[in-house]
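Laboratory data are not the source of any read-out in this text; all were calculated from the coordinates shown. Since the model is a prediction, treat every value here as computed from it, not as a measurement. Backbone-built Cβ (ideal geometry, glycine too); neighbour counts: all protein chains shown.
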Amino acid sequence: MTVRREAVIGALALLVVASLAMVWAGTNPLNGFAALLHGSLGGYHQISETLVQTTALLFPSLAVAFAFRAGLFNIGAEGQLIAGGLCAGLVGASFIAPGPLAVVAILCAGALGGAFWGAIAGGLRARYGGNEVIATLMLNILAVLLANYLVSGPLHAPGSEGSETASLPHSSWLAVLAPETRLTIALPIALALAVFLKFVLTRTVFGYELRAAGVAPAAAVRAGIDLRRMALTAMTISGGIAGLGGATIVAGVLHRFNVALSPGYGFIAIAVALVGDLDPLWIILASFVFGILQVGSLAMQAFAHVPKDTVTFVEGLAILGLAARRFVAARAAAAA
Amino acid sequence: MAAFVAFAGLALVKSTPLIFAALAGVMCERSGILNIALEGALTVGAFAAVCVAFATGSPLLGLAAGVLAGALLCGVLGVAATRFGVDQIVAGTGLNLMAAGGTAFGIAVVFGVPGASPEVPALGARGEIALIVLAFACALGFQFALDRTPWGLRLRACGENPRAVASAGVDPRRVRLIATILGGALAGLGGVYLSLGELDLYSDGMTAGRGFIALAAVIFGRWTPLGATGAALAFGALSALQFILQRSGVPSELMQALPYLAALAALTGIVGRARAPKADGVSL
């Protein structure tokens, strides 16, 4: 069974599951899918909103894939994204500077915040051999708690009802790409980052060492690669990428930090990274597909009365199926 | 005195689901399966219990359904990890998403309104106390079985050196699968306690990360049933304390953060030696 055939079968299986869910919810699946596609691709505003979600997913997905390639399970992209967004929001609301300078400062603050959050997990792994899965799980929740505490207490925007910081001055918002949309230069930044990461992973010594550490750690050690240092470096960079994503949501979409800035982008990112086969360029395409689901599921709920959570379920199933992929491939190879 | 009794009672209530989930975590991890789908198992356990209690009017059938749902969810993880060579963490992440999406979908479809179920026949005060006692009984029984029975020896060996188990003629994949299913049943029981013991309904997000606190309790309790139970009690007491200190100015987020900070500290080994089973999370 070739990879392509396998992908088609997998996608069809997910469509069948989604259809069954729609039937159970009392909707004709054709209507459900029509609502999903129309809501996400059916016009100027729909497409731009899908691209906004594509961007929001692309950053954490690249982050997850980068760590995975180093053999590290960063399931903490969610926390790193929030930590980055928090730092970006704080700097953005308090740092007064001319527009472009402020934007750069906000994005750097986000990347640094995320990198710090990632470095905690990487450091625990490098220094004490602590499991990065457990560490990032805990750090996810700690990021939410810290953000909750700060923005509902000491840093709460005066007069605001929500748990959020004060608004960013208009001059430090990310430039909008298409008029009357929320689509900003965050998208080209994310695309450029994907190309850059692809280059780093495949064409540089560092990228080679990183992949070696992930694929064959024992051989990497013999080749003189310091696995501990690699764990710290990879987690820090991974966190920085996710944090930058959080900053672009703050400076481009919400124009302030709000504790609810992510509907679980960091978790969906794991599915996106796997669908994109951990390859930064394929992840661009995968993010677009998941962006469609993200926007379309809301339309599906509103117009076809299918709970949007159907999509979450199918995404989880996709992760499970993709994880079993290697087994299917190996068995096919054995049979051939 | 009365205040202390109220506090102790609340601490027990808050601890019980954590104890069930933490015991589930110990069982899986000692066999070599790092089960991060405990959160999902709590969720489906709580949800299935309410659905069946709603449909049949019997909270006991609901309890059985919750246990079964937890066992089934973790069983999928066990089969995926032991038969299909699937990475445990990736599978666990997928199952957690499926549990969250599936229950939110189910709430909307089964009860017609999203967010929460109506009130259903619950276990009542006696049933709640029975579950609390059961949690401690499970902890004692599990600790005994782990230390003193052939099954316990095999379980521990699977987590440390599965090859040695295989060379002794026992299939380590089978031991792991059974441990994961049993663990899922325990976590399901924790979910049942949340929805039919402490309350009488299911609402979205009611597990509130308890599956992850349980993982912290496993580490802090050094991968032993009684240790994890102690950690779960401490974390439960912290969350009870939160209610008491609500108006004292201590930020509630700090109290909520303590279990997770404790887990990070335990990972460093600074607070005493804590070592995970050698083959924890290592697929066969």
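When each of A:Cys108, B:Cys28, B:Cys51 is scored by the number of other beta-carbon atoms lying within 10 Å, the sequence from fewest to most is A:Cys108, B:Cys51, B:Cys28.
Percent of C-alpha pairs per 10 Å bin in the range B:185-247, short distances first: 20, 45, 31, 3. In terms of its C-alpha gyration tensor, the protein assembly as shown comes out rounded, because the ratio a/c of the largest to the smallest axis stays below 1.5. Residues A:Tyr44, A:Tyr149, ranked from the fewest to the most other C-beta atoms within 10 Å, line up as A:Tyr44, A:Tyr149. Over chain A, Cα pairs under 8 Å with separation of 6+ residues give a relative contact order of 35 percent. Computed from the C-beta positions of B:Ala130 and B:Leu245, the FRET efficiency with R₀ = 25 Å rounds to 0.25. Counting only other chain Cβ atoms within 10 Å of each residue's Cβ, the peptide B:99-108 averages 6.
Show which aspartates and glutamates lie in cross-link reach of A:Lys198 when reach means a straight Cα distance below 17 angstrom and same-chain residues fewer than eight apart are skipped. Those aspartates and glutamates meeting the cut-off are A:Glu209, A:Asp277, A:Asp279. Projection of the Cα convex hull of the range B:39-176, averaged over all directions and equal to a quarter of that hull's surface, yields 10.0 nm². Shielding of peptide B:157-169 by partners, expressed as the average count of other chain Cβ atoms within 10 Å per residue Cβ, is 0.
Spatial offset of the range B:197-266 relative to the range A:209-232 amounts to 36 Å, using the alpha carbon center of each. Cross-link candidates for B:Lys278: which aspartates and glutamates have Cα within less than 14 Å, leaving aside residues fewer than 8 places away along the same chain? Result set, ordered by chain and number: B:Glu29, B:Glu160. Ordered by the number of other Cβ atoms lying within 10 Å of each residue's own Cβ, fewest first, A:Arg325, A:Arg229 fall into the sequence A:Arg229, A:Arg325. Of A:His305, A:Ala231, B:Ala166, which is farthest on the positive side of the dipole of the protein assembly as shown, counting Cα position, with +1 on Lys and Arg Cβ, -1 on Asp and Glu Cβ, and the Cα centre as origin? In the protein assembly as shown, that residue is B:Ala166.
Classify the range A:95-147 as rounded, prolate or oblate from the Cα gyration tensor: take a ≥ b ≥ c as the square roots of its eigenvalues, call it rounded if a/c is under 1.5, otherwise prolate when a/b beats b/c and oblate if not. Here the range A:95-147 falls in the prolate category.
Shape analysis of the range A:48-306 places it in the prolate category; the axes a ≥ b ≥ c from the Cα gyration tensor give an a/c of at least 1.5, with a/b above b/c. Counting only Cα atoms, chain B measures 54, 43, 31 Å along its principal axes, largest extent leading. Taken along its three principal axes, the alpha carbon spread of the range A:120-162 comes to 46, 14, 9 Å, from the longest extent down to the shortest. Using bins of 5 Å that start at zero, the share of Cα-Cα pairs per bin across the range B:142-272 amounts to 2, 9, 14, 17, 18, 16, 11, 7, 4, 2, 1, 0, 0, in whole %.
Per residue of A:304-310, other chain Cβ atoms within 10 Å of the residue Cβ number 5 on average. Here the range B:157-284 is treated with +1 on each Lys and Arg Cβ and -1 on each Asp and Glu Cβ, and its dipole about the Cα centre works out to around 540 debye.
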